[in-house]
Protein chains: 2
Amino acid sequence: MARTTIKDIAEECGVSLSTVSLVLNNNPRISASTREKVLKAVERHQYQPNVFARSLASRSSHVLSVVMPDLNHVFSDTYFGEIVSGIYDRASEIGYKVLLDVANQRFVSTGEHVALLTSKRVDAALFIGSSIYDEYLTRLETEQLPVVLVNHFMPGHKLSYVAADYKETARIAADHLLGLGHRQIGILSGTNTHTALEFRNTFIDACVASGLREEDLPWADGWFSEQGGYEAAQWLLDRNPRITALMGGNDKMAIGAMRLLKERKLRVPDDISVLGVDDTPASAFTNPGLSTIRHDLFHIGSLAVDAALALFNGDSKLLQKTLPVQMIARESTGPAPHRP
Amino acid sequence: MARTTIKDIAEECGVSLSTVSLVLNNNPRISASTREKVLKAVERHQYQPNVFARSLASRSSHVLSVVMPDLNHVFSDTYFGEIVSGIYDRASEIGYKVLLDVANQRFVSTGEHVALLTSKRVDAALFIGSSIYDEYLTRLETEQLPVVLVNHFMPGHKLSYVAADYKETARIAADHLLGLGHRQIGILSGTNTHTALEFRNTFIDACVASGLREEDLPWADGWFSEQGGYEAAQWLLDRNPRITALMGGNDKMAIGAMRLLKERKLRVPDDISVLGVDDTPASAFTNPGLSTIRHDLFHIGSLAVDAALALFNGDSKLLQKTLPVQMIARESTGPAPHRP
DNA sequence: CGCCATGAGTAAACCCTTTTACGATGGTGC
DNA sequence: GCACCATCGTAAAAGGGTTTACTCATGGCG
């Protein structure tokens, strides 16, 4: 039994194909009575338009691609997970589907990241967490494709993005720690991303502006993971035992650092304060609860969807949106201890 | 500038549309010389076939849907993440794309879970982690759609699945704990899934067969999460202080239980042993390392892809595959302590 | 009463490939 | 020299919608 097509509906209702199509697309040209007749038949037959025929004719697929970075276990990372949830929610709310991609070697070298868009397979693409070195993004820029970077950006490139305000994050973080009296702060800096760079630089600048010396703001690069935070903290503490606070590049790094501190029998926050960034769900459940600067990743994801579609619809050429952040003070930060 | 189509290529090469199409589909009917000529033109124009036209004509979308359960933070759950990784990897290996879906209220009530397949939008669908109550699956059964349940199943239904051997898992677990001398074992049983039921029942049967009494095998239901494990463990320990081992329904529950034990100053495994199921990445990093029965979720994901496509291609009507599991003994299980 | 604007619907072109039945060409065996 | 067969291509029919320009009544207006 063949699927029922628009033709079947048209014949049954004694109208033309176009009429049915117009009804289905809510075109006001069709009278209420005809509309109803058609809709009834549609309902009766459980008619489902063929999405391919539709996409082919309308040049819109109603599909969004989300491109994940090629990291181990990306699909179970809370940071990415929150963003994907936001994307998925918003997309399905407005009738869009989400296609999964990973920016791995093959994906880039075969040019699939471009073909995906030029072949109209997807209306737009959302890139999550690409790194400084992701030169492939430039091709997306030159070809003016509907692409949005999610919670990161590429300075000097005309690429749209929706991202948390990392500068403001850094300033709030600096204020918070300085206000608690910390004068030697170690920075667990994420690696390979412009946001990480911007965060670190702004943080340092803010501290220096308040009278700290650069040498009292040692930093170490590391992966944005518990392990990365653990190792970076280790490196920093071994060289700078007088540090009274650790600034994590994200919550996971901060959590990794806290594990190290526990192993070293350093109390948080009595001996050393730890501050994170993101406010991923786990942060509320650490012990002590992690103070952090909240980035609303879910919301960033949904806004990215809207931005991407605005680009696709030609409403705009370039969208660069920076979102406010919020200090969440829990228990992992406290007054700086006296160091003799 | 319009996209180059198969027609452009054909004209440029002085051959028919069909010829180009056949070349592109590696049909041996076309001679090597013609083939080469066409491929050169394709290369020169960076020609990309229009996927929609292709899907429309060929009735195959080369897309798979992965349907996630409607849980909080599914997209950052390691269990689901591992499976999705396996699915994604295998799918992209064989030229398939992966579409994301969530089995939420809307998805089911609108019949999208069926329409997705009947409308040929996707070639097949992979359902991850549906529950006992997911009646909507029965419609997939009656309509004989290409659907595979991933690491779970529905007894009494003719639904294909690829799942770890939960019975064997239960037996291995029982052997392991009994071998260590445990005689009173609390079970942190996952809830709402047939695999959880099967696991619990088989575990109890195995223990009883070895001479334990049922009343020494108390169990508590809980969500498959750290929190769920924590609470279930709490409930069990409060009522059964003589327990010497806790059997987690999965690693997360086991990890949650370990947190509780730490809070209660009970040493693992000296005072109480803890055993998990799955061997998700985190299990190697707990302290002490979590003993567990390994389910190769990544592999299960890839096999599910192959199974789904076998169904789609009509190679088979029903595929029910059970995969071997493996004991991973780390430090969280040890000899039962003497309880006076 | 004739003209025109408006509303409702339709015809037909178009979107781009796949696929099957058929055609042409040249060679083979007898 | 003929029937027959491969081999290589092609024509044309799907596949199922969208969309634009056009038709045809109808009613209002001057």
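What follows draws every value from the coordinates through simple rules; no lab data is involved. Computed from a predicted structure; not experimentally measured. Methodologically, a virtual Cβ is constructed for each residue, glycine included, from the backbone with ideal geometry; neighbour enumeration extends over all protein chains shown.
One table, with the values for the structure above:
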item	result
Interchain or long-range residues, amide H under 5 Å from B:Thr333's placed H	B:Val274, B:Ser291
Relative contact order computed over segment A:130-274 (Cα-Cα under 8 Å; 6+ residues apart), in percent	21 percent
Förster radius 45 Å - calculated FRET efficiency between A:Thr191 and B:Thr118, Cβ distance, rounded to 0.05	0.40
J(HN,Hα) series, segment A:273-281, from Karplus relation 6.51 cos²θ - 1.76 cosθ + 1.60, nearest Hz, glycine and proline x	8, 10, 10, x, 9, 2, 6, 6, x
Residues B:Glu231, A:Glu82, A:Glu12, sorted so that the one with the fewest Cβ neighbours within 10 Å comes first	A:Glu12, B:Glu231, A:Glu82
Whole-Hz couplings from phi, Karplus 6.51/-1.76/1.60, listed for segment B:128-142; x for Gly and Pro	9, x, 6, 10, 3, 8, 7, 4, 4, 5, 4, 5, 5, 6, 5
5 angstrom amide H check on A:Lys97, placed H, neighbours 5+ away	A:Val63, A:Leu64
Qualifying trypsin sites (Lys or Arg not before Pro) in segment A:91-173, DSSP loop, other Cβ atoms within 10 Å at most 14	A:Lys158
Cut-off 9 Å between beta-carbons: net charge of the residues surrounding B:Ala103, Lys and Arg +1, Asp and Glu -1	-3
Principal axis box of chain B, alpha-carbon based, largest edge first, Å	92, 38, 34
Segment A:254-323, relative contact order in percent, only Cα pairs under 8 angstrom and at least six apart counted	21 percent
Nearest beta-carbon to the B/A symmetry axis - residue in chain B, distance in Å	B:Phe52, 2
For A:270-282, mean number of other protein chain Cβ atoms within 10 Å	1
Gyration tensor (alpha-carbon) shape descriptor, segment A:97-165, a/c threshold 1.5	rounded
Semi-axes of the equivalent ellipsoid for segment B:195-340, Cα gyration tensor, largest first, Å	32, 17, 13
Simple spin-label estimate for B:Ile132 and A:His338 in nanometres, 7 Å along Cα-Cβ	6.2 nm
Value of Rg/Rh across the protein assembly as shown [Cα atoms, Kirkwood radius]	1.02
Cα-based reach from B:Lys37 at 25 Å (exclusive), listing lysines while leaving out same-chain residues under 8 positions away	B:Lys7
Prolate/oblate/rounded label for segment B:6-49 (Cα gyration tensor, a/c 1.5)	rounded
Modelled FRET efficiency - R0 51 Å, A:Ser210 with B:Leu17, Cβ distances, 0.05 increments	0.15
Sparse-neighbour loop sites [GluC sites (Glu not before Pro); segment A:114-220; at most 13 other C-beta within 10 Å; DSSP]	A:Glu135, A:Glu143
Estimated FRET transfer efficiency when R0 is 22 angstrom, pair A:Asp89-A:Ala57 (beta carbons, to 0.05)	0.15
Other copies of B:Asp238: label-to-label distances in nm, shortest first, labels 7 Å along the beta-carbon direction	4.6
³J(HN,Hα) computed for each position of segment B:157-170 - Karplus, 6.51 cos²θ - 1.76 cosθ + 1.60, integer Hz, glycine/proline x	10, 8, 10, 5, 7, 10, 8, 5, 7, 6, 5, 4, 4, 5
Average other protein chain Cβ within 10 Å of Cβ, residues A:73-84	6
Segment A:126-188-segment A:49-124 distance, computed between alpha-carbon centres (Å)	21 Å
Most mobile listed residue (B:His45, B:His157, B:His62) in chain B, GNM with C-alpha springs under 10 Å	B:His45
Distant-in-sequence amide H partners of B:Phe224 (H built 1.01 Å from N, under 5 Å)	B:Thr191
GNM result for chain B, Cα springs below 10 Å: residue of B:Asp306, B:Asp315, B:Asp279 fluctuating most strongly	B:Asp315
Diffusion coefficient, µm² s⁻¹, Stokes-Einstein with Kirkwood Rh over alpha-carbon pairs of segment A:21-151 at 10 °C and 1.306 mPa s	94 µm²/s
Residues A:Leu217, A:Leu145, B:Leu17, sorted so that the one with the fewest Cβ neighbours within 10 Å comes first	B:Leu17, A:Leu145, A:Leu217
Measure of compaction for segment A:295-340 (Cα Rg per 2.2 N^0.38 Å)	2.01
Residues in segment A:113-136 reached by a label modelled at A:Asp315 [backbone nitrogen below 15 Å; 7 Å Cα→Cβ]	A:124
Mean separation of Cα contacts under 8 Å (6+ apart) over length of segment B:6-49, as relative contact order %	42 percent
Sites matching trypsin sites (Lys or Arg not before Pro) across segment A:1-40 that sit in DSSP coil, with at most 14 neighbouring C-beta atoms within 10 Å	A:Arg3, A:Arg29
